[in-house]
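> Mind looking over this structure? Questions follow.
The values are calculated or read from the model by the stated rules, or taken from the named source; none is laboratory data. Values in this document were obtained by computation on a predicted structure and should not be read as measured data. For neighbour counting, all protein chains shown are included, and Cβ atoms are generated from backbone atoms with ideal geometry for every residue, glycine included.
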Amino acid sequence: MVGVIPPEFEYHAPDSVDAAIGLLQTSAGGAKVLAGGMSLIPLMKLRLAGPKVLVDITHIPTLYDFKEEGDWLILGAARRINDLNDSKLIGSKYPLLGDAAAHIADPLVRNMGTVGGNVCHGDPGNDLPACMLALGAQYTVRGPKGSRTIPAKEFYQDTFVTALDPSEILTAVQVPKAQPGDGGAYLKMERKVGDFAIAAVAVQLRLDAGGAIGQAGIALTNVGPTALLAPKAAAYLLKKKPTDADLLAAAKLAAEAAQPAADLRGPVDFKRGIVQTLTQRAIKQAWTRAGGRS
Ligand SMILES: Cc1cc2nc3c(=O)[nH]c(=O)nc-3n(C[C@H](O)[C@H](O)[C@H](O)COP(=O)(O)OP(=O)(O)OC[C@H]3O[C@@H](n4cnc5c(N)ncnc54)[C@H](O)[C@@H]3O)c2cc1C
């Protein structure tokens, strides 16, 4: 029955990335990676997607990294969103990710949904892409021609369109390792608990030696065709110990960067207003978490 049972498909659960890539290649465009299935399976049930072959990557042990190494925090693609939620490392050193993970869907979805699926799906309503943009993260992907690294800011091309080739797999997300003087925050307005955002804002700051803002990343969720960076708002904050007037000025620039469409979550001006308010508050929270003093 349409809307309940997906079309027939072959299911494979390889135990290595190379075997998974082989399956994607031999299925000649009719195959899709399956991770938590929290986005893909509903699309199949609605018959909006109909891959002939599903390649389940959650049995591949090398996709479960979760560690700081060199200059990076490495998050394996198959890590569940709840792993971020439950992690002391994330809670203490990467609060932007902790904030976002706590507000993605509900505990059942977070238990199944993966970091890789959330960043690869290409839905502007997914919460982790804006976090990765604000953090300056990069994605490691592997395909038939080997591995490559794609900065998050080059990954999102349009709604449901990313820089991934069909036979490539995202293996890990690399987030710049936290340093003293870092602070981040993610604030999301949703219609009800567990919903996608009306709008949400990710802010990541790094203080310089003098205690002013040395680096800033600001990115927006669900107010454009993809997650969006707000570079003018971030640049405005540099070298500042932000006053209330600075918070407002930066927030206005973030609202200008938003490209919302009117839909069941509200009209355009309402969404811009939400972006402005959330940006003000998120900068303040990130500044406090970074140890900033005016
Ligand atoms: C009721 C409900 C509410 C939700 N609310 C939110 C919300 O508020 N915020 C939010 O961010 N998300 C929300 N989601 C989506 C959820 O977080 C999904 O789990 C997530 O977007 C996709 O992760 P997944 O592991 O389930 O991916 P899947 O559904 O398995 O895959 C999604 C897509 O990504 C591709 N893919 C997955 N992993 C990889 C990989 N490693 N390499 C290459 N391609 C890959 C798949 O081929 C597919 O095209 C919600 C989902 C539901 C069902």
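> Here are some conditions: (1) within 12 Å of the ligand (Cβ to nearest atom); (2) acidic (D, E); (3) surrounded by fewer than 21 Cβ atoms within 10 Å (Cβ to Cβ). D127 meets all but one. Which one does it not meet?
(3)
> Determine the pairs where a residue that is without any contact (Cβ under 8 Å) to a residue 40 or more places away in the chain, located within segment 161-173, has a partner that is among the aliphatic types (A, V, I, L, M) with Cβ atoms under 6 Å apart, the partner being 6 or more residues away or on another chain.
A163/I150
> Could you look through segment 20-29, keep only residues that are exposed (fewer than 14 other Cβ atoms within 10 Å of the Cβ) and assigned to a loop (DSSP other than H, G, I, E, B), and pick out the one that is farthest from the ligand (Cβ to nearest atom)?
Across segment 20-29, the extreme among qualifying residues is A28.
> Checking A199 against (1) farther than 18 Å from I74 by Cα; (2) modelled with pLDDT of 95 or more; (3) surrounded by fewer than 24 Cβ atoms within 10 Å (Cβ to Cβ), only one condition comes out false. Which one?
Checking A199 against (1) farther than 18 Å from I74 by Cα; (2) modelled with pLDDT of 95 or more; (3) surrounded by fewer than 24 Cβ atoms within 10 Å (Cβ to Cβ), the one that fails is (3).
> Considering D195, D165, which residue is over 22 Å from Y139 (Cα atoms) and either of a type in the set (V, I, T) or not in a strand (DSSP E or B) (or both)?
Matching residue, one of D195, D165: D195.
> For segment 262-281, which positions are farther than 12 Å from M189 by Cα, part of a loop (DSSP other than H, G, I, E, B) and in contact (Cβ under 8 Å) with a residue 12 or more places away in the chain?
None; the set is empty.
> Kindly indicate whether any position in segment 237-256 is touching a residue at least 24 places away in the same chain (Cβ under 8 Å), in a strand (DSSP E or B) and away from the ligand (no atom under 15 Å from the Cβ).
no
> Moving on. Please pick out the residue among A178, A134 that is away from the ligand (no atom under 13 Å from the Cβ), among the small types (G, A, S) and more than 14 Å from the chain's Cα centre (by Cα).
Among A178, A134, only A178 is away from the ligand (no atom under 13 Å from the Cβ), among the small types (G, A, S) and more than 14 Å from the chain's Cα centre (by Cα).
> Name the residue that is farthest from G181 (Cα to Cα), counting only residues in segment 69-100 that are more than 12 Å from the ligand (Cβ to nearest atom) and of a type in the set (V, I, T).
Applying the filter and picking the extreme gives I74.
> Hey, another quick one. Within segment 107-151, considering only helices (runs of 4 or more DSSP H) that don't extend past its boundaries, which have at least 3 residues that are over 21 Å from W72 (Cβ atoms)?
Helices (runs of 4 or more DSSP H) meeting the threshold: 107-112.
> Could I ask something else about it? Looking only at segment 62-101, which residues are among the small types (G, A, S), surrounded by 16 or more Cβ atoms within 10 Å (Cβ to Cβ) and out of contact with any Phe, Trp or Tyr (no Cβ under 6 Å at 6 or more places or on another chain)?
If the condition is that a residue be among the small types (G, A, S), surrounded by 16 or more Cβ atoms within 10 Å (Cβ to Cβ) and out of contact with any Phe, Trp or Tyr (no Cβ under 6 Å at 6 or more places or on another chain), then A77, S87, G91, G98, A101 are the ones that fit.
> Can you run down the residue pairs with Cβ atoms below 7 Å, 6 or more apart or on separate chains, where the first is in segment 30-49 and near the ligand (Cβ under 9 Å from one of its atoms) and the partner is among the hydroxyl-bearing types (S, T, Y)?
A35/T58; A35/T114; G36/T114
> With P42, P51 as the choices, which residue is surrounded by 17 or more Cβ atoms within 10 Å (Cβ to Cβ), over 23 Å from V203 (Cβ atoms) and not assigned by TED's automatic domain parsing to the domain that holds T140?
The match here is P51.
> Please find, among K271, K241, K192, K284, the residue that is at negative phi, crowded, with 23+ Cβ neighbours inside 10 Å and not assigned by TED's automatic domain parsing to the domain that holds V109.
After applying the criteria, what remains is K271.
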